[in-house]
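Colleague: Dumping the structure here so I can ask a few things about it.
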């Protein structure tokens with residue numbers, strides 16, 4: 001995945017199309033190459049990679065819209081392919097320490113430290129954390145889990161602790 005426009009003001013029709021093509025249509029096209037064979041075999045597991053941006057407004061509007069589309073697409077896959085023995089789930093990472101962050105880290109070496117305040121666990125994910133979630137959802141241990149959007153985000157989607165502290169005047 002990837003994103004061009006950081007805000008609506010910095011998004012034009014071309015960047016919108018590119019982000020949707022990359023983040024939504026690319027996944028659809030990939031799954032279409034295997035869907036018929038999975039149906040024929042009457043088994044399989046699909047684990048899509050989404051983003052917390054598809055669950056909440058966190059910037060990059062076209063990317064976020066595409067990732068939200070993936071959540072709905074995953075549910076459609078689970079519903080329609082379930083009778084064929086096929087499960088479909090989506091992992092929605094928060095910030096992950098990947099090479100995609102290299103430019104931002106070079107610009108601000110403390111970026112992860114600054115972001116950590118938004119995450120209840122006080123840290124952001126490593127790539128292995130995402131891989132572990134995918135591995136679980138693809139495993140026999142998850143045999144009755146389908147249609148789930150699983151945030152792997154150190155608690156980001158659980159709620160806004162900083163805002164809650166200000167609203168309640170009771171820091172925790």
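The values are calculated or read from the model by the stated rules, or taken from the named source; none is laboratory data. Note that this is a predicted model, so its numbers are computed, not measured. No Cβ is skipped: glycine too gets one built from the backbone with ideal geometry, and neighbour counts run over all protein chains shown.
Colleague: Looking for whichever is within 19 Å of residue 144 (Cα to Cα) and out of contact with any helix residue (DSSP H, G or I) (no Cβ under 8 Å at 6 or more places or on another chain) here; the options are 44, 82, 26. Which one fits?
Modeller: Result: 82 is the single residue among 44, 82, 26 that is within 19 Å of residue 144 (Cα to Cα) and out of contact with any helix residue (DSSP H, G or I) (no Cβ under 8 Å at 6 or more places or on another chain).
Colleague: Next question, about the same structure. Any chance you could count how many residues in segment 1-16 are under 15 Å from the mean Cα position of the chain (by Cα) and surrounded by 12 or more Cβ atoms within 10 Å (Cβ to Cβ)?
Modeller: Qualifying residue count for the region: 2.
Colleague: If you check residue 39 against the conditions, is it part of a helix (DSSP H, G or I) and closer than 17 Å to residue 71 by Cβ?
Modeller: Against the criterion (part of a helix (DSSP H, G or I) and closer than 17 Å to residue 71 by Cβ), residue 39 does not qualify.
Colleague: If we scan segment 27-43, do we find a residue that is under 14 Å from the mean Cα position of the chain (by Cα) and at pLDDT 95 or above?
Modeller: yes
Colleague: Right, here's the next one. Tell me which residues, restricted to segment 17-71, are crowded, with 20+ Cβ neighbours inside 10 Å and free of Cβ contacts under 8 Å to residues at least 12 places away in the same chain.
Modeller: Those that are crowded, with 20+ Cβ neighbours inside 10 Å and free of Cβ contacts under 8 Å to residues at least 12 places away in the same chain: none in segment 17-71.
Colleague: Give the number of residues within segment 72-95 that are surrounded by 14 or more Cβ atoms within 10 Å (Cβ to Cβ) and outside any helix (DSSP H, G or I).
Modeller: Qualifying residue count, segment 72-95: 10.
Colleague: Here's a check for you: in segment 96-143, which residue that is touching a residue at least 40 places away in the same chain (Cβ under 8 Å) and either in contact with a strand residue (DSSP E or B) (Cβ under 6 Å, 6 or more places away or on another chain) or not in a helix (DSSP H, G or I) (or both) is nearest to residue 53 (Cα to Cα)?
Modeller: Looking at residues that are touching a residue at least 40 places away in the same chain (Cβ under 8 Å) and either in contact with a strand residue (DSSP E or B) (Cβ under 6 Å, 6 or more places away or on another chain) or not in a helix (DSSP H, G or I) (or both), I get 130.
Colleague: Could you go through segment 164-171 and let me know if any residue there is touching a residue at least 24 places away in the same chain (Cβ under 8 Å) and either assigned to a helix (DSSP H, G or I) or surrounded by 13 or more Cβ atoms within 10 Å (Cβ to Cβ) (or both). Spell out how you get there, then give the answer.
Modeller: First, the residues of segment 164-171 that are touching a residue at least 24 places away in the same chain (Cβ under 8 Å): none.
Checking segment 164-171: not a single residue is touching a residue at least 24 places away in the same chain (Cβ under 8 Å) and either assigned to a helix (DSSP H, G or I) or surrounded by 13 or more Cβ atoms within 10 Å (Cβ to Cβ) (or both).
Colleague: Filter segment 144-163 for residues that are closer than 18 Å to residue 52 by Cα and assigned to a loop (DSSP other than H, G, I, E, B); which is modelled with the lowest pLDDT?
Modeller: Applying the filter and picking the extreme gives 160.
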